[in-house]
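One structure is given here, and the rest of the page talks about it.
The values are calculated or read from the model by the stated rules, or taken from the named source; none is laboratory data. Keep in mind that this is a model prediction, so the values were computed, not measured. Note that each Cβ is placed from the backbone with ideal geometry, even for glycine, and that neighbours are counted across all protein chains shown.
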Amino acid sequence: MRSINPEPHWTLPIFLVACTWVSVLSTDLYAPSLPHLPRLLDTTEQAAKMTMSFNLAAFALAQLAHGPLADRLGRRTMLVAGITSFSAASALCALAPSITPLIGGRTLQGLLSSVPSVVVLLLIHELYSQDKAVRILGFHGMAVGAAPIVGPLIGGIVFVNFGWQANFWLLAAFAAVVAALVYRQVPETLTRPVPLNFRNVARNYLAVISKRAVLSHLLPLAAVFGALFAFVTNGPFLLIDLYGVPTQQYGFYYGAVCLAVIVGGTIANRLGGKVNAAYLEAFSFLLAVGGIAAALSITSLKGGSSMSLIVCIAIFAVGLGLMIATAPLLLLEAVDQQLRSSASAVSGSAQLVAASGASFLVAVFQDGTSMPMLLTMGGLLMIGATGFVLKENVKESGGTA
């Protein structure tokens, strides 16, 4: 059984959302600038996309360190240090004179913006019962879903009026404010610090990833999340360059996708405690698959348009909203208490490994159409489907091995 602290003040989820907004906005505030960087920095389209894929790769790998550090230093300390350092990294991006230092700054951003993805999940799991945690994560998904709506809209307007560097200065200022709020408002849930022991850390990670019950939730979650970033990376190029959407209006199209994530989070929030979380997880994956299958069908028939693409991706995104409210908690419940920090780190890292891989693939194989992106998304979902095969094996064995 999990140990549950007295339930915190009702405002705490708002501060946790603000932490995650820092991570999300590091991508979405910057996205409308991406198609213009080749001209502005005298570089290639592939190099511009690498500012996204390197960021995601760093985000993924850093989480493997953040779990043990959160056990040693504490949840609040990690959040404050990570977000404060992220603010400084954002300023470095704003000062980058060319594409190479910008890639370096974006990589540093990824190392630091991954702290909330590990620590926020731990805080929610440690502070709430499972049913309440599903509802809190549903609310979290809804609120975080607003960041990708607001981010590209603001990012497009700021870019058009003040240039691409201004978005990084804005992000640096926002992160500094959030770090101050976290220091004042977020409680510490770690009662007994765990000394860092790299052998034990490696053993814990191995114990987590060797459990079929963990993989049964991890594979679908990582696949759906990774598929999203195929769209996040290539969507601006498709909508702005292929379909002629004005840069300042890109946020409206992307906002429709993010609104769909909010719908998925709303469903999870309403149904948490009423419908088995495993059923919600399975339904979320079917929605995601349905959206991409529809997009592939339309595109293969040469009937693609900006509207048809967004509608199909929105169906996928409803599934994503449901998935991120259910699968992470089920994954943590599949391991013992002492492994939950490691499981949280593995969960976040796997999602971003998939995201980084998807971002890299669409950068390498882009051909000016939506097909490479959709095939990448579909391929990831096929891998994710193997998780449900593992679920059946776990049921048949009668355990969680």
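At-a-glance table
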| quantity | calculated |
| --- | --- |
| Contacts under 9 angstrom Cβ, first residue in region 35-49 being closer than 12 Å to L102 by Cα, partner modelled with pLDDT of 90 or more and of a type in the set (S, T, Y), 6 or more apart | L41/S98; T43/S98; T43/T100; A47/T100 |
| Single unsatisfied condition, L242 versus (1) closer than 27 Å to N55 by Cα; (2) modelled with pLDDT of 85 or more; (3) not polar (S, T, N, Q) | (2) |
| Hits in region 343-387 - residues which are crowded, with 17+ Cβ neighbours inside 10 Å and in a loop (DSSP other than H, G, I, E, B) | Q366, S370 |
| Checking D42 against (1) farther than 30 Å from Q337 by Cα; (2) charged (D, E, K, R); (3) part of a helix (DSSP H, G or I), the condition it does not meet | (3) |
| Qualifying residue in region 320-338 (condition: closer than 21 Å to A222 by Cα, of a type in the set (V, I, T), assigned to a helix (DSSP H, G or I) and more than 15 Å from the chain's Cα centre (by Cα)) | no |
| Condition check for L206: modelled with pLDDT of 85 or more and surrounded by 16 or more Cβ atoms within 10 Å (Cβ to Cβ) | no |
| Count - residues of region 189-216 that are under 29 Å from R106 (Cα atoms) and in a loop (DSSP other than H, G, I, E, B) | 1 |
| Within region 284-309, tally of residues that are modelled with pLDDT under 90 and within 15 Å of A260 (Cα to Cα) | 3 |
